[in-house]
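**Q** The structure is given below, and queries will be raised subsequently.
The values are calculated or read from the model by the stated rules, or taken from the named source; none is laboratory data. Keep in mind that this is a model prediction, so the values were computed, not measured. Every residue, glycine among them, receives a Cβ derived from its backbone with ideal geometry; neighbour counts consider all protein chains shown. Areas reflect the complete protein model, heavy atoms only, side chains present, ligands, DNA and RNA absent. Shrake-Rupley method; radii C 1.70, N 1.55, O 1.52, S 1.80 Å.
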Amino acid sequence: MIRVITIALLLPAFAWAQAPIQFSNSPKAIQQYESSTLESLVERCPVVKAESYKAPDEVRSLRNGFVDVVTQNPQTGLYSVFVFDRDKRSFILVDGQALSRDKKLSLRLVLPRDYGRCRLVRTLQGPEMLEVVHTERNYVSEVQRMQKLSKELLELSAAAVPQPAACVAPAGMQDFQFWDGGTRVSLNMCHEATAAMVERLRKTVRKAHER
């Protein structure tokens, strides 16, 4: 014969009467969170020096690959630097924000993981900047595609007719840099085939970071 034993748990009456935890997303609460996050990052991130936000360490050490800079937004201070390092077979994204007293922290962070890859950048001129570096590897198909496009772009740039003095590069093309053997290659951005290939390179490197 199986006996069923019932055990009654007597909990204090106040345990049931407690109000649920309230979470606030008021402007003041958000401001406090952003301030505390920024203060924590400033305390933990190492300080480095650079010429500008367009020349982080990942760009200065590049010998083979390309750099695509998303120009700093004057309202938010946000910017991004995409780097494909052909030698290291790596896709690198430097997310940054120029810091000032009257701007909130808008940089996308995944705490506390980002503490290990953040840095404060100081230049001789301009504001202090907070940067977080994201590195993606082992994307074999994307790396192969980038290497193929890089080879085609080099061949095309060598064969392309030099751009005339009156040529104006399309919007957003001015901050694209292509490096081969430690030398910056001058690309004819007015050449339609070159511009189209650059766009394919950009889409590929951004796809690697969107996964």
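**Q** Pick out, from the stretch 70-155, the strands (runs of 3 or more DSSP E) lying fully within it that include 2 or more residues that are under 30 Å from Ser186 (Cβ atoms).
**A** 78-85, 90-98, 129-136
**Q** Quick check on my filter: what residues within the stretch 26-58 are of a type in the set (Asp, Glu), within 30 Å of Gln177 (Cα to Cα) and open to solvent by 50 Å² or more (accessible area, probe 1.4 Å)?
**A** Hits for the stretch 26-58 are Glu51, Asp57.
**Q** Another question, then. Can you run down the residue pairs with Cβ atoms below 9 Å, 6 or more apart or on separate chains, where the first is in the stretch 77-106 and within 16 Å of Gln147 (Cβ to Cβ) and the partner is of a type in the set (Phe, Trp, Tyr) and in a loop (DSSP other than H, G, I, E, B)?
**A** Arg89/Tyr139; Phe91/Tyr139
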